[in-house]
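Notes follow the structure.
The values are calculated or read from the model by the stated rules, or taken from the named source; none is laboratory data. This one's a predicted model, so the numbers in the text were calculated from it and none came from an experiment. No Cβ is skipped: glycine too gets one built from the backbone with ideal geometry, and neighbour counts run over all protein chains shown.
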Amino acid sequence: MSNPLTKYFRQPALYINLPSGGNYWPEGTLELDENNQVAVYPMTARDELTLKTPDALMNGQSVVDVIKSCCPQIKDPWRMPAMDTDFILIAIRIASYGENMDFRSTCPECEEESPYEVHLPTMLDQVKSPNYHAPLMLTDLEVYLRPQNYKESNEAGMRIYQEQRLIATVNNSDMSQEQKLAQFKEIFKDVSSMNLASVVTNIKSITTSDGEDVNDIRHIGEYLDNAPKQVWDSIQKYIADTNAEGKLPDNQVTCDKCNKEYKVPIEFDYTAFFE
């Protein structure tokens with residue numbers, strides 16, 4: 001017997017066009033509808049509890065589980081382009097709690113803390129897709145980029161967090177100065193390796209002057225590890241500038257006390273964001 005309450009189950013609250021347009025999603029990870037959109041359902045009580053689990057939030061599993069629950073067309077959130085992640089989560093918040101969200105900020109002029117409200121759909125309307133098609137032109141090479149997926153960006157964030165905790169632990173330990181320096185040397189070596197790995201995940205391919213396309217991540221990583229510093233700096237800057245094109249826009253805020261206008265970025269503390 002079918003459940004007579006089925007018709008009362010939650011329904012899609014909105015439909016969204018992803019910033020990526022469905023590009024950069026591996027085959028089988030996303031099913032767009034006939035309008036190339038994704039249906040977004042409001043969260044359930046279980047979804048809210050999922051976002052309150054610290055360990056699952058840290059490793060990204062909570063975000064993945066909630067996206068799969070609220071956006072059934074997304075089959076594998078781990079592999080979604082990072083440019084779509086915050087966009088999807090904001091859409092889920094709109095579907096669950098409404099279009100407006102309250103924030104607080106501190107004025108850089110008079111240090112007054114004030115509340116302000118953000119209209120989330122307006123923010124989504126301003127999100128643009130980065131141009132990953134235009135290569136960085138080096139002397140003899142063309143470097144083509146791709147967006148990191150959520151798994152890659154989340155793992156990079158976790159590694160940074162772990163290294164920061166390790167630095168704090170060493171700083172506050174009873175080790176001798178010599179022992180601390182030795183530990184810091186190892187930590188910074190790990191940080192350097194993390195930076196290299198992060199840059200490699202942002203590179204789709206490198207085309208040589210004779211037209212050969214190199215897309216083996218081992219070859220790309222080996223090249224970056226042996227490239228001149230100027231090349232490394234150029235690639236890092238190009239990646240940062242390109243990824244910034246898809247960032248959420250800052251909010252323009254006017255201080256209630258001194259009328260100073262300043263911009264405030266949206267900070268994604270997922271525990272607080274979904275309240």
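Listed values, structure above:
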read-out	value
Criterion: among the acidic types (Asp, Glu) and either modelled with pLDDT of 95 or more or assigned by TED's automatic domain parsing to the domain that holds residue 59 (or both) - qualifying residue of 267, 178	267
Close pairs from the range 16-42: first more than 16 Å from residue 84 (Cα to Cα), partner in a loop (DSSP other than H, G, I, E, B) and of a type in the set (A, V, I, L, M), Cβ under 6 Å, at least 6 apart	42/13
Pairs where the first residue, in the range 44-67, is free of Cβ contacts under 8 Å to residues at least 40 places away in the same chain and within 15 Å of residue 157 (Cα to Cα) and the second is assigned to a helix (DSSP H, G or I) and not basic (Lys, Arg), C-beta under 7 Å, 6+ apart	56/50; 56/62
Meets criteria (among the polar types (S, T, N, Q) and in contact with a helix residue (DSSP H, G or I) (Cβ under 9 Å, 6 or more places away or on another chain)) for residue 17	no
Out of 236, 183, 252, 230, sole residue that is surrounded by fewer than 11 Cβ atoms within 10 Å (Cβ to Cβ) and assigned to a helix (DSSP H, G or I)	230
Residue in the range 58-69 that is among the basic types (Lys, Arg), at pLDDT below 95 and more than 17 Å from residue 148 (Cβ to Cβ) present	no
Helices (runs of 4 or more DSSP H) wholly inside the range 1-95 containing at least 2 residues that are assigned by TED's automatic domain parsing to the domain that holds residue 119 and surrounded by 18 or more Cβ atoms within 10 Å (Cβ to Cβ)	45-50, 61-70
Residue within the range 131-151 that is in a helix (DSSP H, G or I) and surrounded by fewer than 11 Cβ atoms within 10 Å (Cβ to Cβ) present	no
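So that you can scan it fast, the table gives a plain yes or no per residue for (1) under 20 Å from the mean Cα position of the chain (by Cα); (2) aliphatic (A, V, I, L, M):
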{"site": "10", "(1), (2)": "no, no"}
{"site": "14", "(1), (2)": "no, yes"}
{"site": "18", "(1), (2)": "yes, yes"}
{"site": "32", "(1), (2)": "no, yes"}
{"site": "59", "(1), (2)": "yes, no"}
{"site": "67", "(1), (2)": "yes, yes"}
{"site": "74", "(1), (2)": "yes, yes"}
{"site": "84", "(1), (2)": "yes, no"}
